[in-house]
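Read the structure below first, then the notes.
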Amino acid sequence: MTDTLILGAVAYDAKVVTIWDGFQKWLAQRGLAFDYVLYSNYERQVEQHFAGAFHVAWNSPLAWLQAQRIAARQGRVARAVAMRDTDMDLTSLVIVREESPLRTIEDLRGKTLGVGAMDSPQATMIPLQHFAAHGLVAERDFAVRRFDVLVGKHGDHVGGERDAAKALMRGEVDATCMIDGNHLVFTGEGTLPRGRTRVLTQTGRYDHCNFTVLDGAPDRLVTRFVELLLSMRYDDPVARPLLDLEGLKQWRVGRTSGYAQLDAGCARFGWIDDFVNAVAAR
Amino acid sequence: MTRVQIDLADLALDRGATVLLRARLATCAPGSEVSVHGVAPALAAHLAAWCRKEGHGFAPAADAGAPSKVVGLLRVGQAHAARWHDAERAGGAAGNGVVSKPKPTWGLAARGAIVEAGAPSFSFALDDQDEVWSDNVGQIYRAAAASQWDPETAIPWNAPRTHPAFVEDALVQVLTYLIENETAALLVPARFCAQVHPHFREVMQVLAIQAADEARHIEAITRRALLARDCLGSSTVGGQASLQTLVEEPDFVMASFLLSVLGEGSFLSLLAFLQTHAPDDCTREIMRLIAIDEARHVAFGVAHLQRHAQRDATLTSRLRAAIERRHAALRHTAGLNAEVFDALVLLAAGSLEPTAIERGHAAVEELQRQMDSGRQSRLKKLGFPEHDAQQLSSLHTRNFM
Ligand SMILES: [Fe+2]
Ligand SMILES: [Fe+2]
């Protein structure tokens, strides 16, 4: 079936089926046969990508780094071909209660930090690397309490961040981590009372998901897929509902400059070494 | 060119600043730069997140939070303008803003609203102006709204009743027949109301209030029938067969013709007759108030069919076919319930004396002549020649409605 481009994606929510069904129809109307396979976790997706089960992976930033490292170990090449405009230049915030004595990063020493799922770049890994870069190492200089909701989803499910935020208000942790936009979501929905929290520190900017291809993918199909994505316009009433559903206004050409913090965190803490070793050895 | 500035003061994004931003940005061209000022906590981080989601660019100021209060520079994105790029106005709000064929995607949007492209298609079967519209439909609705009456207070329920028992029995039989007919008159506009494209909002409103009128008629008539009796009169096969052909007529134009022009038209004469021969003031007032409503129902039917006939030369022959079809369908039924005919005679007689009965009988014959001439004059208004009007009126159901 080399006439059909096959995508791999993780089903972090039931709407994933609606999204890719919609794209399948939209792409077919423009002459590109497209199909998709869903995995319940990113590790299986990365492993199956290298096993040749599909051509393009819709990868979390962590899955991207996993793929990139495995490829390097096997003498192969991974490329990020496209991404959402809304996945560029994110930051994470570390939030404390308004009345908290914590004022600087240094003040976290000896305290407890609430984080999301262990494999969440935005709610766990990038913040931990941020602290490490400032000299505070998790589990050595401060305690970490994880809110593991759906491990394997790389934090795509917002539940862990929300649970950590609730724990902050219950006084169970001294500070908690979340994507910048989720601070607004959590105060909007009432998880965090308005005006009762404060930003302790903000990470540097980073990028989120990308479409990853490995060397040997069918060039013609991948090129056409990317061309069609980049041609989707928000002023097109047929494309707009798909863009709204997937949460973007415009697809962008992929870039890999936004993964440095996560990369440094993985290097420092060895979070993905076992997985990379196992898959690379196959 | 001076750069637009938006000052949020101490307003945070989760306390309404997004509303202020959207209102101000709506007037800025895509690509233009706006400097945002404010002192709310975490404003720069919140603005960056919000702009990313909304498709705007945002560059935080190097010295955010400094005395300048400049939080950053926002570059207006394309998304807002893009969303409304292919939007179109669904006609005009006023009566003269009606278009002849509103689009299915205009759906429930108010006439005159700007409709985002890509809306789902609705299937309103009555989406052709010629089938439903009359130029006075707005006036008819306003008149209807202004003359709604409350059965509780509008009717003298305690007016004296001095008539003999057989007259009350006759009256209850006539009222029973009326309720059955009012029910048909409620169901027909209610059914088509849901099929009219809401672009023709005045038509939808008229049909809705017409159904509400009938509901009120059913209420008042039932209450009067039960004033002195515990149970109602009879319903016959012939009467129901006649009404079934009306209620099941699938075409709005035909149903409106059979119901409003011919049926309710005939009822105007019947209601006048019942006012004249009502045995008490309570009944008389009910009939008077119902007749005012019915006159409007007839007026709308005649008006939209008249307009339709002027625009479509084939309409009168289709209307003729509808009468003939219904006549054929009802040929072997009994027509007007004999009990109703007798009850009308007894009501007009007011006494069982032979001379009184003869007078009552003559009055009912006169009623039938009046119904016939009323139907003929309305048929002529729709453009039927004299001879056709005579012939078609005679084919109308013997059940009156
Ligand atoms: Fe009525
Ligand atoms: Fe009526």
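The values are calculated or read from the model by the stated rules, or taken from the named source; none is laboratory data. Here the structure is a predicted model, which is why all the values come from computation and not from measurement. Here the Cβ positions follow ideal geometry from the backbone for every residue, glycine too, while neighbour counts run over all protein chains shown. Remember, those area values only see protein heavy atoms, side chains included, never the ligands or the DNA or RNA. Shrake-Rupley method; radii C 1.70, N 1.55, O 1.52, S 1.80 Å.
What residues of the range A:83-103 lose no less than 30 Å² of accessible area with every protein chain in place versus their chain by itself (probe 1.4 Å, heavy atoms only)? Flagged in the range A:83-103: A:T86.
Protein-only accessible surface at a 1.4 angstrom probe places the residues B:T27, A:T203, A:T223 in the order B:T27, A:T223, A:T203, largest first.
If you wrap the range B:60-188 in the convex hull of its Cα atoms and look at it from every side, the mean projected area works out to 17.8 nm². To put it simply, the accessible area of the range B:253-382 at a 1.4 Å probe is 53 percent carbon and sulfur.
Heavy-atom surface analysis with a 1.4 Å probe gives chain A a carbon and sulfur content of 48 percent of its accessible area. If you model the range B:4-82 as an ellipsoid using its alpha carbon gyration tensor, with each semi-axis the square root of five times an eigenvalue, the axes come out at 19, 13, 11 Å, biggest first. Farthest toward the positive end of the dipole of the range B:34-163, out of B:A42, B:N136, B:S121, is the Cα of B:A42, where the dipole comes from beta carbon charges about the Cα centre. Put a dot 7 Å past the Cα of A:R194, heading toward its Cβ, do the same for B:R161, and the two dots end up 6.3 nm apart. Based on every Cα atom in the protein assembly as shown, Rg and the maximum pairwise Cα distance Dmax equal 38.0, 118 Å.
Cross-link pairs exceeding 23 Å between alpha carbons, from the set A:K166/A:K249; A:K15/A:K153; A:K25/A:K249; A:K15/B:K103: A:K166/A:K249; A:K15/B:K103. Applying 1/(1 + (r/R0)^6) with R0 = 60 Å to the Cβ-Cβ distance of A:A72 and B:N96 gives a FRET efficiency near 0.25. Computed over the range A:80-141, the quotient of the alpha carbon radius of gyration and 2.2 N^0.38 Å is 1.31. Quick one: if the Förster radius is 35 Å, what FRET efficiency do B:D10 and A:K15 give, using the C-beta to C-beta distance and rounding to 0.05? Step by step, r from the Cβ atoms, then E = 0.40.
Plainly put, the range B:1-44 has a radius of gyration that is 0.97 times its Kirkwood radius, both from alpha-carbon atoms, as the Rg/Rh ratio. For the range B:165-220 versus the range B:327-354, the spacing of their alpha-carbon centroids is 22 Å. DSSP beta bridges confined to the range A:92-202 are antiparallel in about 55 percent of cases.
Selection among A:I105, A:H134, A:V151 by position relative to the dipole of the range A:92-202 gives A:I105 as farthest towards the positive end (Cβ unit charges, Cα centre). Between B and A, buried accessible area from a 1.4 angstrom probe totals roughly 1700 Å², ignoring ligands, DNA and RNA. Each listed q (0.20 Å⁻¹) maps to a log10 I(q)/I(0) for the range B:132-239, found by the Debye formula over equal Cα scatterers with no solvent: -1.04.
Cα-based radius of gyration for the range A:31-94, normalised by 2.2 N^0.38 Å, reads 1.26. Averaging 1/r across all pairs of distinct Cα atoms in chain B and inverting the result yields a Kirkwood radius of 25.4 Å. In the range A:152-191, burial by the other protein chains removes 40 Å² or more of 1.4 Å probe accessible surface, compared with the chain on its own, from A:D180, A:L184. Using 18 Å as the cut-off for backbone N distance, which residues of the range B:135-163 belong to the label zone defined by a point 7 Å from the Cα of B:E219 along Cα→Cβ? Residues passing the 18 Å test: B:144-158. Estimated at 0.36 nm per residue, the fully extended path between B:A110 and B:L73 surpasses their Cα-Cα distance by 9.5 nm. Restricting attention to chain B, close to 70% of DSSP beta bridges with both partner residues there are antiparallel. Within the protein assembly as shown, DSSP assigns beta bridges of which about 60% are antiparallel (rounded to the nearest 5). Phi-derived couplings, Karplus 6.51 cos²θ - 1.76 cosθ + 1.60 at θ = phi - 60°, listed residue by residue for the range A:219-235: 3, 4, 5, 5, 4, 5, 4, 5, 4, 5, 4, 5, 7, 5, 10, 5, 8 Hz, with x used for Gly and Pro. Compared with the dominant Cα axis of chain A, that is its longest principal axis, helix A:159-169 is turned about 10°. Summarising the label geometry, the points placed 7 Å from Cα in the beta-carbon direction at B:S394 and A:F269 lie 9.8 nm from one another. With the Kirkwood sum run over all distinct C-alpha pairs, the range B:169-211 has a hydrodynamic radius of 11.5 Å.
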